[in-house]
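Remarks on the structure that follows.
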Amino acid sequence: MNQYDVAIIGSGPGGYVAAIRCAQLGMKTAIIEKYSTLGGTCLNVGCIPSKALLDSSHHYHDAVKHFEEHGIEIPGEVKVNLEKMIARKQSVVEQTSSGVKFLMDKNKIDVYEGLGSFADATHIDINKNDGSTEQIEAKNIIIATGSKPSTLPFIEIDKERIITSTEALKLKEIPKHLVVIGGGVIGLELGQVYRRLGSEVTVVEFMDRIIPTMDADLSKELNKVLKKQGFKINASHKVKEVTRDGDKVIVKADDKKGKEVVFEADYCLVSVGRRPYTDGLKADKAGVKLNERGQVEVNDHLQTNVSNIYAIGDVVKGAMLAHKAEEEGVMVAEILAGQKPHIDYNLIPGVVYTWPEVAAVGKTEAELKEAGVKYKAGKFPMRALGRARASMDIDGFVKILADAETDEVLGVHMVGARVADLIAEAVTAMEFRASAEDISRMSHAHPTYAEAVKEAALMATDNRPLHV
Ligand SMILES: Cc1cc2nc3c(=O)[nH]c(=O)nc-3n(C[C@H](O)[C@H](O)[C@H](O)COP(=O)(O)OP(=O)(O)OC[C@H]3O[C@@H](n4cnc5c(N)ncnc54)[C@H](O)[C@@H]3O)c2cc1C
């Protein structure tokens, strides 16, 4: 029987990064993945393919809607070849996944292809995809089994027309009308892909606003921009029935006054969140406890109730984000090596990759109010930037929230072109506990979108922006 210092179940961004860090720290490491491709949700059916389709559809949208005003004329009609677009996405996925395999080999990590399940707290049975079985032994085990799309109890996902994000990434035709249930990150990103390709897109959201966990100003701005792009957004609508009639999908919801609203479409994307995934893991055989939400229960060191078993990523509490899973993978590896790592969960940024993008880190205004923290806000519009006018990406703003007395930056919230990248400046500043004045005194290259961060900082410090 092969023996390891550490075995990791699941090769998503949590699992494979944990494996690399364990190997770097000198541990004999194995990783078990039930699919034949490594990389988990993120690489195969999540972050990477969704961004590939967002990028392709963005090019198409620009060609159709914006090239002319830039003085670029295309003789003839610009057309979408969906099959080719999906194939390009798939080749990006394959390249990325084989990159992970390369990293496993480079770091001398043993990869097992098959379903891993606990035999006990130190042994894992692997039901291999070739039909054989093998048991391995490990001193420490990291559960990194991730998540799957969740649905509502009364919705039957048929994977044809009533679909999850996984199917939405490989449709064979452009929907005429796509109803998106759930106005969160995944629904809006994939909704935007198909809106750009010509679908009518209707979003039905239970809460009173889209991206409801983010700062209310971000929801408001994104709502405004998406409506301009032709999205139909129905907040405060409770979906109660989804049925299929041939090629039609009928979605029934109650609006906030309890009045029934019926949406008829050819496709319905159910994007109401994701559930932690532990099917087939047999966690009970190792004595590992799950909580009432199905998550593996862990303490602040990501250790389960069984001392040599840890869990990370989407299968545990906290934001379901690839970079959160990665940080946790590194943290557990370093704990196993006897180090004392730390993650500041308040500084894990959240991003929506629509265009304009949305990004945030730290506290929202509502959270600060609820905690009774006195704060100042500086909010600078993108349209006041030369760079934004040059590219015609004038929607959005940067908002900085700083402590009213100390001026320490407590939250940064942005909508605009490339803010997914800009948010890194805010994370860095907050990691070093910068004040708004610190940011405002740093030189920001001109002309860039980053100047909005400096200007918002000037406004938060003592309301003296230079360009509005
Ligand atoms: C459409 C979409 C877009 C997204 N976009 C973003 C984004 O832009 N940015 C971002 O940060 N996050 C994004 N996410 C979320 C991100 O994909 C997840 O947060 C991330 O993948 C979680 O990583 P993980 O390692 O915890 O689990 P996963 O990536 O889910 O990986 C778990 C792996 O474990 C394997 N596994 C499970 N059980 C077993 C078992 N018993 N034996 C062997 N293998 C097993 C699974 O097959 C899977 O490969 C997106 C998700 C979706 C669906």
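Applying a threshold of 29 Å to the alpha-carbon distances of K259/K324; K176/K259; K84/K148 flags K259/K324 as lying beyond it. One decimal place: the segment E431-V261 gains 56.6 nm when fully extended, by the rule 0.36 nm per residue minus the C-alpha distance.
Length gained on full extension, K232 to K248, computed as 0.36 nm times the residue gap minus the Cα-Cα distance: 3.9 nm.
If you take the square roots of the eigenvalues of the alpha-carbon gyration tensor of the stretch 162-272 and sort them as a ≥ b ≥ c, do you get rounded (a/c under 1.5), prolate (a/b over b/c) or oblate? It comes out oblate by the Cα gyration axes. Sort the stretch 347-462 into rounded, prolate or oblate with this rule: let a ≥ b ≥ c be the square roots of the eigenvalues of the Cα gyration tensor; rounded if a/c is under 1.5, and if a/c is not under 1.5, prolate when a/b is larger than b/c, oblate otherwise. Prolate is the answer for the stretch 347-462, as a/c is 1.5 or above and a/b outweighs b/c.
Taking 31 Å as the limit for the C-alpha separation, the pairs K257/K379; K89/K232; K51/K228; K170/K232 exceed it in the case of K257/K379. Between the alpha-carbon centres of the stretch 407-468 and the stretch 252-325 there is a gap of 34 Å. Where both bridge residues fall in the chain, DSSP classifies roughly 65% of the beta bridges as antiparallel. Distance from the Cα centroid of the stretch 1-63 to that of the stretch 330-392 is 24 Å (rounded to whole angstrom).
For V272, the residues whose modelled amide H falls within less than 5 Å of its own, excluding neighbours fewer than 5 places apart on the same chain, are S150. Cα to Cα, under 15 Å, and not fewer than 8 places away if on the same chain: which aspartates and glutamates meet these conditions relative to K79? In chain and number order, the partners are D62, E173.
Annotation: for a label point projected 7 angstrom from Cα along Cα→Cβ of N127, residues of the stretch 284-313 with backbone N closer than 17 Å are 284-286.
Largest first and in whole Å, give the semi-axes of the stretch 214-258's equivalent ellipsoid, each being the square root of 5 times a Cα gyration tensor eigenvalue.
26, 15, 8
Mind checking which lysines have their Cα closer than 22 Å to the Cα of K28? Skip sequence neighbours fewer than 8 apart in that chain. Within reach: K101, K106, K108, K128, K139, K340.
Cα to Cα, under 16 Å, and not fewer than 8 places away if on the same chain: which aspartates and glutamates meet these conditions relative to K252? List returned: E156, E205, E241, E260, E264, D266.
When you count the other C-beta atoms within 10 angstrom of each residue and take the mean per peptide, 50-62, 175-187 line up highest first as 175-187, 50-62. Compactness of the chain, taken as the C-alpha radius of gyration over 2.2 N^0.38 Å, stands at 1.03.
Over the stretch 1-135, what per residue volume does the convex hull of the Cα atoms give, in whole Å³? Before the final figure, lay out each step's value.
Numbers: hull volume 17.5 nm³, N = 135.
Taking the convex hull of the Cα positions in the stretch 1-135, it is 129 Å³ per residue.
Relative to the Cα centre, the charge distribution of the stretch 162-272, modelled as +1 at Lys and Arg Cβ and -1 at Asp and Glu Cβ, gives a dipole magnitude of about 220 debye.
Just so you know, all these numbers are worked out from the coordinates, no wet-lab data involved. The model shown is predicted, which means the values in this text are computed figures rather than measured ones. Positions of Cβ are backbone-derived with ideal geometry, glycine not excepted, and every protein chain shown enters the neighbour counts.
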